[in-house]
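Trainee: My structure is below; once you've seen it, I'll send some questions.
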């Protein structure tokens, strides 16, 4: 018995099936690029210009005229879309969604069924997915925040904890940014805040809820990416282990990381925080870069970030802060220190 090509399923079942069946997003390329379900393949019914034309037709002349316009615009390319679906399907199955689970996904599901692909449609579409994942971030989980001033090797420590078997999510890796004014250097373009949330949920959903997850202490925004509000609020309410490493111990790591970049990029990064550094400090830091004295430039900016971070820590609940002092910036040594400190947390 042939399956219903227009069968719709709720978001919970859709995501369960997505673990083994490919997901096809039939929205336009710009919609897909703004944010999509992690791992989804884009086989758009309309490209961006076609979508605009059909939308205008719908508003001015109604549904029937819009459908006719859509068929006229895409009919010649339907065989290509079906071929792409056949190439994407696994065991003859696909999951499909558009924005609201309406005409676009229904049209493509019907098309795919002509190729004997068993297709299920996400009820209420990508909008249902977004509502679902944002609601998931309201759930209270065991979270440990690793804090510390810039250059304390927090990301490297978290990566080491991951190798030791701890649950870790690298927020900066997901955001393609290291957090400071220099954080975009050497990174890929940042995702939209919308897609960052999608990527985050993909990692979040794989965690064991019974054991803690480690995250780095971040501002609400990482570069141009903003965290989901509920997720960020949960982070602020979580226990924080603050690693204190003297500035002299942090400088070599930062020198190694940033001195390899061209002077112009370093100066552009300094200028991003020039108002906060102040005129004299900005001028001194820029001159230091011109002279190749990267240690001096880094130290000037580091003192600004230290001051800003200490203020941020002062705003946290002191009962949820655990201080760890380190006389080295060695990753393995400090990872053991923060693991020992985590044993003091009472859940």
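Trainee: In this structure, does residue 46 turn out to be assigned to a helix (DSSP H, G or I), under 26 Å from residue 193 (Cα atoms) and in contact (Cβ under 8 Å) with a residue 40 or more places away in the chain?
Mentor: Spelling it out, it is not the case that residue 46 is assigned to a helix (DSSP H, G or I), under 26 Å from residue 193 (Cα atoms) and in contact (Cβ under 8 Å) with a residue 40 or more places away in the chain.
Trainee: Just to be sure, is residue 55 under 17 Å from residue 133 (Cβ atoms), assigned by TED's automatic domain parsing to the domain that holds residue 113 and not in a strand (DSSP E or B)?
Mentor: Against the criterion (under 17 Å from residue 133 (Cβ atoms), assigned by TED's automatic domain parsing to the domain that holds residue 113 and not in a strand (DSSP E or B)), residue 55 does not qualify.
Trainee: Continuing with the same structure: Working only within segment 292-316, note down all residues that are at pLDDT below 90, crowded, with 17+ Cβ neighbours inside 10 Å and over 30 Å from the mean Cα position of the chain (by Cα).
Mentor: 294
Trainee: Here's something else I'd like to know. For segment 273-291, check the following and say yes or no: at least one residue is surrounded by fewer than 17 Cβ atoms within 10 Å (Cβ to Cβ) and under 27 Å from the mean Cα position of the chain (by Cα).
Mentor: no
Trainee: If you don't mind, there's one more thing I want to ask. Test residue 69 against the stated conditions and say whether it is touching a residue at least 12 places away in the same chain (Cβ under 8 Å) and under 19 Å from residue 16 (Cβ atoms).
Mentor: no
Trainee: Given (1) closer than 20 Å to residue 178 by Cβ; (2) part of a loop (DSSP other than H, G, I, E, B); (3) in contact (Cβ under 8 Å) with a residue 60 or more places away in the chain, where does residue 209 come up short, assuming only one miss?
Mentor: (1)
Trainee: Can you name the condition, by its number, that residue 223 falls short on among (1) free of Cβ contacts under 8 Å to residues at least 12 places away in the same chain; (2) at positive phi?
Mentor: Unmet for residue 223, out of (1) free of Cβ contacts under 8 Å to residues at least 12 places away in the same chain; (2) at positive phi: (1).
Trainee: So, in segment 1-32, of the ones that are touching a residue at least 24 places away in the same chain (Cβ under 8 Å) and in a helix (DSSP H, G or I), which residue ends up surrounded by the most Cβ atoms within 10 Å (Cβ to Cβ)?
Mentor: Ranking the candidates gives 14 first.
The values are calculated or read from the model by the stated rules, or taken from the named source; none is laboratory data. The structure displayed is predicted, hence computed values, not measured ones. So basically every Cβ, Gly included, is an ideal-geometry build from the backbone, and we count neighbours across all protein chains shown.
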